[in-house]
1. If a residue counts only when it is closer than 24 Å to ALA12 by Cα and at pLDDT 90 or above, which strands (runs of 3 or more DSSP E) contained entirely in the range 30-130 have at least 3 such residues?
2. Scan the range 11-28 for residues that are without any contact (Cβ under 8 Å) to a residue 40 or more places away in the chain and surrounded by fewer than 17 Cβ atoms within 10 Å (Cβ to Cβ) and jot them down.
3. Considering (1) among the hydrophobic types (A, V, I, L, M, F, W, C); (2) over 18 Å from GLY106 (Cβ atoms); (3) touching a Leu at 6+ places or on another chain (Cβ under 7 Å); (4) crowded, with 17+ Cβ neighbours inside 10 Å, say which one TRP35 fails and leave the rest.
4. Free of Cβ contacts under 8 Å to residues at least 24 places away in the same chain and among the acidic types (Asp, Glu): does that describe GLU72?
5. Just for the range 1-10: of the residues that are among the hydrophobic types (A, V, I, L, M, F, W, C), touching a Cys at 6+ places or on another chain (Cβ under 8 Å) and assigned to a strand (DSSP E or B), which one is surrounded by the most Cβ atoms within 10 Å (Cβ to Cβ)?
Amino acid sequence: MICILTAGKTIAIAASAFTLAWTHSVEKTRWEEHWRAGPEGLTVIEGRIEGSGAGMEPPENSRLLDGAYVYELHRTPIPELVLAASGGTVSGWTFCAKGRPCRNLGQTQTAPIHIRWCAAPAAYSVTKTP
């Protein structure tokens, strides 16, 4: 389960992978990252950049595919991802998990947004008495 902590509330999403996308504030091009989530934390596994420049050079292993530089990443899991939400950029962040509606995060100025793996709540058991 993935938990998003934003604006003083927690949103729990039953998923083990997600895509995070945003528009680069200077170049106005789309960035996308694909993440895996589990008890060990969050792991970014792939990225897409629709252009280069202004500190957005694609990694050496990237390939141009359908107008975007696509690359695989091999990173150690992190406990949480913290996203800034200044409200002063072109857009916020778009969070999408397969089979779920996408969510826009950080479009307005707010506290940082935290994304992390969270354990599913324990199942409740009901015992019938005769």
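The values are calculated or read from the model by the stated rules, or taken from the named source; none is laboratory data. Quick caveat, the model's predicted, so the values are computed rather than measured. Heads up, the Cβs are rebuilt from the backbone with ideal geometry, glycines too, and the neighbour counts pull from every protein chain shown.
1. Where strands (runs of 3 or more DSSP E) fall fully within the range 30-130 and carry at least 3 residues being closer than 24 Å to ALA12 by Cα and at pLDDT 90 or above, they are 30-38, 41-49, 80-83, 93-96, 113-117.
2. If the condition is that a residue be without any contact (Cβ under 8 Å) to a residue 40 or more places away in the chain and surrounded by fewer than 17 Cβ atoms within 10 Å (Cβ to Cβ), then SER16, VAL26 are the ones that fit.
3. With respect to (1) among the hydrophobic types (A, V, I, L, M, F, W, C); (2) over 18 Å from GLY106 (Cβ atoms); (3) touching a Leu at 6+ places or on another chain (Cβ under 7 Å); (4) crowded, with 17+ Cβ neighbours inside 10 Å, TRP35 is out only on (2).
4. Criteria not met by GLU72.
5. Among them, the one singled out is ILE2.
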